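Here the structure is laid out as structure tokens; the discussion comes afterwards.
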Amino acid sequence: MLLAFSPLQAQKEGNIWHFGDGKALNFNSGLPVVTTPSAMKTFEGCASICDANGNLLFYSNGGGRDPLASGQSSGKIWNRNHAVMYDMDFTQGGGFSSAQSAVIIPKPGDPDHYYLFTMEEVEFDVGGAVPSQPQGRGLSFFEIDMTLNGGLGGVVNYVQSILVPSFEGLCAVRHSNGSDYWILAHNSESGLAVVPVNAAGVGAPVLYNLPNGSGGVIKASPDGQWIATNQQTGYLLCRFDPASGVVSNPLAQTSGSGVTSASFSPNSKRLFIIEDSGALVYYDLTAANIGASRTAVANLEAAGLVNAQMQLGPDGKIYFIQNSFLLAETYLSAIVCPNSSPALEPRIFTFATAADNPFFGLPNFDDAIFRRDQDPPLPVDLGADRGLCGEETISLNVGISNATYAWSNGAQTQSINVSTPGLYAVTVTTPGCGIGIDSILINEVNPAANAGPDLVICRGESAQLQGSANGQINWVPADLVSDPNLPDPIFTGTNSAVLVMSASIDGCSGQDTVQVTVADLPSLTLLSKDTTIIAGNPVQLNANGNGAYQWLPADGLSCTDCPNPIATPAQTTTYILTAVNAAGCSETASVTITVNPPDCEPDVPNAFTPNGDMINDGFAPLGDAIDSYQLAVFNRWGKLVYEGSGPWDGRFSGEDAPSDVYAFRVSIRICGKELTYDGDVTVIR
């Protein structure tokens, strides 16, 4: 977590830069970050603007050329969605190669309106001037209403050539009242023009002649007290009154060679210059002899390297462009600690560019939004608190080189590797540019993924998993559970499967597996059908299948764990057979035995046919409820031909008894009582 660094300025209007060939930076995090997309197409000058919260509003290349004739872009204004808000074509706005082709300021007194001022390029008449513009367009401006087009903005006014001729230089200076502005431009080559901008609108230019004239880029100090512009052998430094707009006390300073670019420090006490020789120097504006205060910072001279424009940034650094035509690359370098102990931070970003299509400019701003009376604390950033996963090693890097480091664990290096949880703090010091402090809490993180015990379920059943974990949970395959993000979802699969439960927390993850076995049911066929018996009579039950058997209820059964018991129920009973296999899965079937009460009135036949056809071959009393009987049969002469407890087979003394009528007496025990019957029976042969 970043403890020491937070931007000191409340204004974030300059936090997003669009420049060059589709390049963009975002400073809203406190540090510049390359971002996309960008529709910008420019050779040098450009401008962009954000609201007070750092949200992009619109940006512009300030002007362009005829695309058909030059192959370059026309002048355009793009909205925050990178779509064209307004096409200047090549007859409005500034020039494609103007060093400061555009600058954007809010319209005083109207928070929804902005002015986009544009500046002509000195090469305006290459290939022929635009008809009716023999001296170019000079200084012009557009008015943008941000309430139009659903908040994307739109141009509501364009005023052309409020100052002609004027080329290349364009600067906005905040009025001392904090709301109005001054727009500075070159009065041809003889001096400067100051244009007041207030709630009444854009005023008329006030002209100032300067010794040896002025040209090129115009820069103002963040406090509005100084103006710097180029001259042939150096730079021209002037006093400026942000309350009255008066330019005074021009001081011609010799830089030893021509000037490539210039920028003031955030506290307005130094002027940094890149000389044509490649020397990066600064002048102390508080010195009695400013010219003699020249101090070298670095030598930027390198084979094939061309230095270009400088621009103060939201983070207190001064950025500038460097081009390598040999490598077809464009670099963004910076001066760090410009208020105190300036040093070069080379090639922070590298942009690939076509050898024939480099760019040399950065966005033009009112530098008052970047004013800092002191250098900010060093932007030491160890990142957000994080978790340590198991035996993982985490590398912590302060992100600042060429400094001294003091870690809470005693280390003195730019980066350390940690493998144990705890609070780690670091103090970073660079000579003369402040101190940065940050700390990070490393927590031991254990997702503790536990998928629970393996489960066995029977086909057709569902089961609740018994997982547990910390953090975000995810089951795979997700389609086999009711909710893949719960620790204990319902298993909904129909076949055996291995499920993986993953758990993640604070960037750490763990996983575990569980086997769910779907067991088949036992086979079971109950062969017996529902039947009816007389009370006291037995019936055999029959079943086929596998597994262990269990009959319920046990009443009236010869066995309860066999497939074929004898049932003698005393009353109507439904027997349920359950078969259980080795997996514990069960199948059931049932059969109902209906028990009727006995018939206590026996029947005694009066004839039978003992001819061996197995039909009515014997004589005996009939009745399911008969317990026993004693039968005696007599021929017509009273002779006993049969006596016994079983049926008479129609024989006497080993011979077939002749067809005749025979007398009988039978004593029957039935339903607990004794009955005696006398009668006749006919033997039919």
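Within the range 313-364, the set of residues being without any contact (Cβ under 8 Å) to a residue 40 or more places away in the chain and among the aromatic types (Phe, Trp, Tyr) comprises PHE325, TYR331.
For the range 257-306, the set of residues classified as assigned to a loop (DSSP other than H, G, I, E, B), touching a Leu at 6+ places or on another chain (Cβ under 8 Å) and over 24 Å from PHE370 (Cβ atoms) consists of GLY278, ALA303, GLY304, listed by residue number. Can you pull out every residue in the range 517-527 that is surrounded by fewer than 20 Cβ atoms within 10 Å (Cβ to Cβ) and either aliphatic (A, V, I, L, M) or within 31 Å of the chain's Cα centre (by Cα) (or both)? Within the range 517-527, ALA519, LEU521, LEU526, LEU527 qualify. Checked against (1) part of a strand (DSSP E or B); (2) surrounded by 13 or more Cβ atoms within 10 Å (Cβ to Cβ), THR532 passes all but condition (2).
Quick one: in the range 589-616, of everything that is of a type in the set (Val, Ile, Thr) and surrounded by 13 or more Cβ atoms within 10 Å (Cβ to Cβ), which residue is nearest to the chain's Cα centre (by Cα)? Walk me through it before giving the result.
From the range 589-616, those of a type in the set (Val, Ile, Thr) are 591-595, 604, 609, 615; that's our starting set.
Retained after the next criterion (residues that are surrounded by 13 or more Cβ atoms within 10 Å (Cβ to Cβ)): 591-595, 604, 609.
On the way: VAL591: 61, THR592: 64, ILE593: 67, THR594: 70, VAL595: 73, VAL604: 96, THR609: 99 Å.
Out of the qualifying residues, it is VAL591.
Considering only residues that are surrounded by 13 or more Cβ atoms within 10 Å (Cβ to Cβ), among the hydroxyl-bearing types (Ser, Thr, Tyr) and under 30 Å from ILE533 (Cβ atoms), which ones fall in the range 617-643? Passing the criteria: only TYR629. For the range 650-674, the set of residues classified as surrounded by 16 or more Cβ atoms within 10 Å (Cβ to Cβ) and either at pLDDT below 90 or not in a strand (DSSP E or B) (or both) consists of GLY650, ALA657, ILE670, CYS671, listed by residue number. Restricting to the range 414-464, and then to whatever is touching a Phe, Trp or Tyr at 6+ places or on another chain (Cβ under 8 Å) and in a loop (DSSP other than H, G, I, E, B), can you tell me which residue is surrounded by the fewest Cβ atoms within 10 Å (Cβ to Cβ)? Among residues in the range 414-464 that are touching a Phe, Trp or Tyr at 6+ places or on another chain (Cβ under 8 Å) and in a loop (DSSP other than H, G, I, E, B), the one surrounded by the fewest Cβ atoms within 10 Å (Cβ to Cβ) is SER462. The combined condition, being surrounded by fewer than 21 Cβ atoms within 10 Å (Cβ to Cβ) and either in contact with a His (Cβ under 9 Å, 6 or more places away or on another chain) or touching a residue at least 40 places away in the same chain (Cβ under 8 Å) (or both), is fulfilled by GLU392. Taken over the range 222-250, the residue count meeting the criterion of being of a type in the set (Ser, Thr, Tyr), crowded, with 23+ Cβ neighbours inside 10 Å and within 23 Å of PHE141 (Cα to Cα) is 1. Can you say whether TYR405 is part of a strand (DSSP E or B), crowded, with 19+ Cβ neighbours inside 10 Å, modelled with pLDDT of 90 or more and out of contact with any Lys or Arg (no Cβ under 7 Å at 6 or more places or on another chain), as far as the supplied structure shows? When the stated conditions are applied, TYR405 does not pass them.
Looking at ALA228, ALA185, ALA220, can you tell me which residue is small (Gly, Ala, Ser), within 20 Å of ALA47 (Cβ to Cβ) and in contact with a Lys or Arg (Cβ under 6 Å, 6 or more places away or on another chain)?
Working: ALA185 fails: in contact with a Lys or Arg (Cβ under 6 Å, 6 or more places away or on another chain); ALA220 fails: in contact with a Lys or Arg (Cβ under 6 Å, 6 or more places away or on another chain).
Selected residue: ALA228, the only one of ALA228, ALA185, ALA220 that is small (Gly, Ala, Ser), within 20 Å of ALA47 (Cβ to Cβ) and in contact with a Lys or Arg (Cβ under 6 Å, 6 or more places away or on another chain).
The set of residues from the range 386-402 being of a type outside the set (Val, Ile, Thr) and either assigned to a strand (DSSP E or B) or in the same structural domain as ILE348 (by TED's automatic domain parsing) (or both) comprises ARG386, GLY387, LEU388, CYS389, SER395, LEU396, ASN397. Across the range 563-616, the number of residues qualifying as over 28 Å from GLU674 (Cβ atoms), in a strand (DSSP E or B) and polar (S, T, N, Q) comes to 8. Within 21 Å of GLY216 (Cβ to Cβ) and touching a Cys at 6+ places or on another chain (Cβ under 8 Å): does that describe SER98? No; evaluated as a whole, the condition is false for this residue. Among the strands (runs of 3 or more DSSP E) confined to the range 158-211, the ones with at least 2 residues that are crowded, with 21+ Cβ neighbours inside 10 Å are located at 170-174, 181-187, 191-198.
The values are calculated or read from the model by the stated rules, or taken from the named source; none is laboratory data. Note that the structure is a prediction, hence the values are computed from the model and not measured. Quick reminder, even Gly has a Cβ in these numbers, built from the backbone with ideal geometry, and neighbours come from all protein chains shown.
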